[in-house]
1. Would you point out which residue out of A:LEU310, A:LEU332, A:LEU363 is open to solvent by 10 Å² or more (accessible area, probe 1.4 Å), of a type in the set (A, V, I, L, M) and farther than 23 Å from A:THR216 by Cβ?
2. Would you check which residues across the stretch A:170-194 are at the interface with chain B (Cβ under 8 Å from one of its Cβ atoms) and surrounded by fewer than 22 Cβ atoms within 10 Å (Cβ to Cβ) and list them?
3. Please find, within the stretch B:12-42, the residue that is most open to solvent (accessible area, probe 1.4 Å) out of those that are within 9 Å of chain A (Cβ to nearest Cβ), hydrophobic (A, V, I, L, M, F, W, C) and assigned to a helix (DSSP H, G or I).
4. Quick one: in the stretch A:199-237, which of the residues that are within 24 Å of A:ILE283 (Cβ to Cβ) and over 23 Å from the mean Cα position of the chain (by Cα) is nearest to the other protein chains (Cβ to nearest Cβ)?
5. Out of (1) farther than 21 Å from A:ILE49 by Cα; (2) within 14 Å of another protein chain (Cβ to nearest Cβ); (3) of a type outside the set (Phe, Trp, Tyr); (4) not in a helix (DSSP H, G or I), the odd one out for A:ASP119 is which?
6. Only residues that are of a type in the set (A, V, I, L, M) and more than 8 Å from chain A (Cβ to nearest Cβ): list them for the stretch B:43-65, please.
7. Would you say A:GLY251 is buried (at least 24 other Cβ atoms within 10 Å of the Cβ), in a helix (DSSP H, G or I) and of a type in the set (Gly, Ala, Ser)?
Amino acid sequence: MANATTTDHIDIPERDYAAPAVHYLNWQYTASSWLLTLDHKRIAILYLITISIFFMVGGLFATIFRMELLTPEGDLLNADTYNKMFTLHGVVMIFFFLIPSIPAVLGNFLLPLMIGAKDVAFPRLNLFSWYILIIGGTMAVTLTVTGGLDTGWTFYSPLSTHFANTNVFLAALTVFVTGFSSILTGLNFLVTIHKMRAPGLTWFRLPLFIWAIYATSIIQILGTPVVAITILLAGIERVWGVGIFDPYLGGDPVLFQHMFWFYSHPAVYIMILPGMGAISEIIACFSRNRVFGYEFIAFSSVAIAIIGFLVWGHHMYVSGQSMYAGYVFSILTMIVAVPSAIKIFNWTATLYKGNVVWATPMLYAIGFIGLFAIGGATGLFLGILGLDVPLHDTYFVVAHFHYVMVGGMVMAYLAGLHFWWPKMTGKMYPQLPAQVCAVVIFVGFNLTFFPQFLAGWMGMPRRYHSYHPDFQIWNVLSTAGAGVLGVGFTVPVFYFLWSLFYGKTAGSNPWGARGLEWEQCTSPPDPHNFHHTPVVDHIAYPYTGEETLSV
Amino acid sequence: MSSAADTHEHNPHLAHHFETIEQQEEAQSMGMWLFLAQEFMFFGGLFCAYAVWRFTYHDAWFEGSSHLSTFWGGLNTIVLLLSSYTMAMGVYYCQIGDTKRLTNRLIMTLGLGIVFVAVKLQFEWFPKFHDGVVPGQWWGPAGHYADMAAFPEQGHLQLFYFLYYVMTGMHAFHMLIGFGILIPLIVMSAMGKFGPQRFMAILNFGLYWHFVDIVWVFLFPMFYLVT
């Protein structure tokens, strides 16, 4: 970037401690001004409330089956109920929390602010996406109370098509419908990023969060429709009694697995890429440094989106797919780890000689780096063709993806929420409880999931309600950790709500951060975001390393 | 940088969050193309399933295909291609401002679309239902399809008809969605809402309609012309 050096003398705006009299939260109060709003910021708040509720529901299911696993015998739940619990935990957490979490909440709120636009490209479609999620959520609640689902979130045939006696068809429809919420959000974001950037905001001046959302949106648009049609086919086949995936009727269950993982592997990148974007923002802000290797982080997001489409077969090493396909998928799995590693190294290099501030978002971000590194590296163990055979379907796999999904995405989501909360609400939450809570979550998380690595390594299979007594110690530790984690996830609800009423006024830029949403917007933002369309003449993150910050 | 608010007064079709009408049109066009990319992947999953079974159960595909009517399928192909032509002309008349011909062409498109769905149901699906060509528990080819009962692998044959119903059904469903959009467009066009200044809705619907046509152009040989 030849013109990227015009950054040295940027006037940092005076800190503005006054909240604006009129902002997006208070300019209208009626219910319809919320439920029919076209404002991306209000839609973000609607998503925030919705997915917080789903997170609690999904957590409740987890609490129930973790209690069952305290003892080796199946004493609290019978096998059928246990199967329903972990299935619903997976379905709710994946489709109703993780996939919408950062894109739909923080993405909706921040995308137009970060690129200097008044709204996303299609505000009505944006609201419609939220309503689709609500319809899907209603269907999910209906299926839960009318028989549940016990196929695992993966809907594998022939269990889903032949044996299960639960609400498989309704569940298939639920996933189908909910998928369109994700597709339309991705479509909206892609068009917004392409067409609505402020004057001067070239691609390589964009915040890295935008790059991450961009890559995520590509996956949402190209991946989700495939799983939609796959699960719909499985559902229709169950009702109709024809075998396309069901071997009893002449079908091929491996075909189902191919079509399912073609989306569902890229979907794990939907669940981690936006988190990586948020972490890039936070690391830069709280180390007062420019992000090291901006272009590498930006392109690694796109690389993950592209290569991520080519590795789905690593879920299927033991399914009977061709051994040669297994070789190729194993090699590609090694390759897709490279861009993730690039990000980790670049974040670490950003910290180097930075002016690190241990504010709450930074604690979460550092936690993210450590936990994601473990989750990612164990993913490589599982991507190795030979090693996967004994580890397949053990708790090692469970621990691995929870390190990525919870240790990665949930930590990143909480980091982002703590980082942008003052922007979203205009209020600052108390730092000390929040910092303590971040540490509690980190400890509770490791206590929950690290024992699962060990149990899995020793061969404890997943998805059973009873297990060999030798594994009890690891399960007791894990359940204890889940309790700590549950406390850690509950406390932020209270101090966030407290801050709304009693929190200090945050001012437009409490962290001294760089970026349009901090420097050109009030907290909370104006209903129309900016009084004047911003003009950008510098690269992202022009931190000099000299600003200081006390929190 | 002055606010763009003063230029907003000149074009009532410009939404508040866009700076210029060109920006708005580009965004709408890109949105539609991305939606079609999504549709492409959606049908792609079905085409993938089709390809797997087509190569695995070639005999069943041949047997099933030989009982589909090339006449009605071919006629419907012509009907659908004609509707694409009328739709394309509609876009043209919209852009040159001939709203009367635009309305006219939209009605013709709708009419041809309805003919397509009616032929499909009346001459293709309903007779098959009547003669027991229904995959699953009601399977039992009789009447016009009685000789299919002699085919040794009935399960594979059912798979052919399952994909036939699902894929042509998903295509017909997309046409029904198209009708649902066309009808309001016709009403708005008759009220003179469209013209050279406001044609994105027509253009984007045209893209959708052509996409649905192209899907059929693939479905027709895949099901009717297998040898």
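The values are calculated or read from the model by the stated rules, or taken from the named source; none is laboratory data. Because the structure is predicted, anything quoted here is derived from the model rather than measured. Quick reminder, even Gly has a Cβ in these numbers, built from the backbone with ideal geometry, and neighbours come from all protein chains shown. All accessible areas refer to the heavy atoms of the entire protein, side chains included, with ligands and DNA or RNA removed. Shrake-Rupley method; radii C 1.70, N 1.55, O 1.52, S 1.80 Å.
1. Testing whether each residue is open to solvent by 10 Å² or more (accessible area, probe 1.4 Å), of a type in the set (A, V, I, L, M) and farther than 23 Å from A:THR216 by Cβ leaves just A:LEU363.
2. The one that is at the interface with chain B (Cβ under 8 Å from one of its Cβ atoms) and surrounded by fewer than 22 Cβ atoms within 10 Å (Cβ to Cβ): A:HIS194.
3. Here the residue is B:PHE40.
4. It comes out as A:LEU201.
5. So A:ASP119 meets the others, but not (1).
6. Hits for the stretch B:43-65 are B:ALA51, B:ALA60.
7. no
Yes/no matrix, rows are residues, columns are (1) under 22 Å from A:VAL487 (Cα atoms); (2) open to solvent by 10 Å² or more (accessible area, probe 1.4 Å); (3) at pLDDT 95 or above; (4) not basic (Lys, Arg):
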| residue | (1), (2), (3), (4) |
| --- | --- |
| A:MET409 | yes, no, yes, yes |
| A:ALA412 | yes, no, yes, yes |
| A:GLN431 | yes, yes, no, yes |
| A:ASN446 | yes, yes, yes, yes |
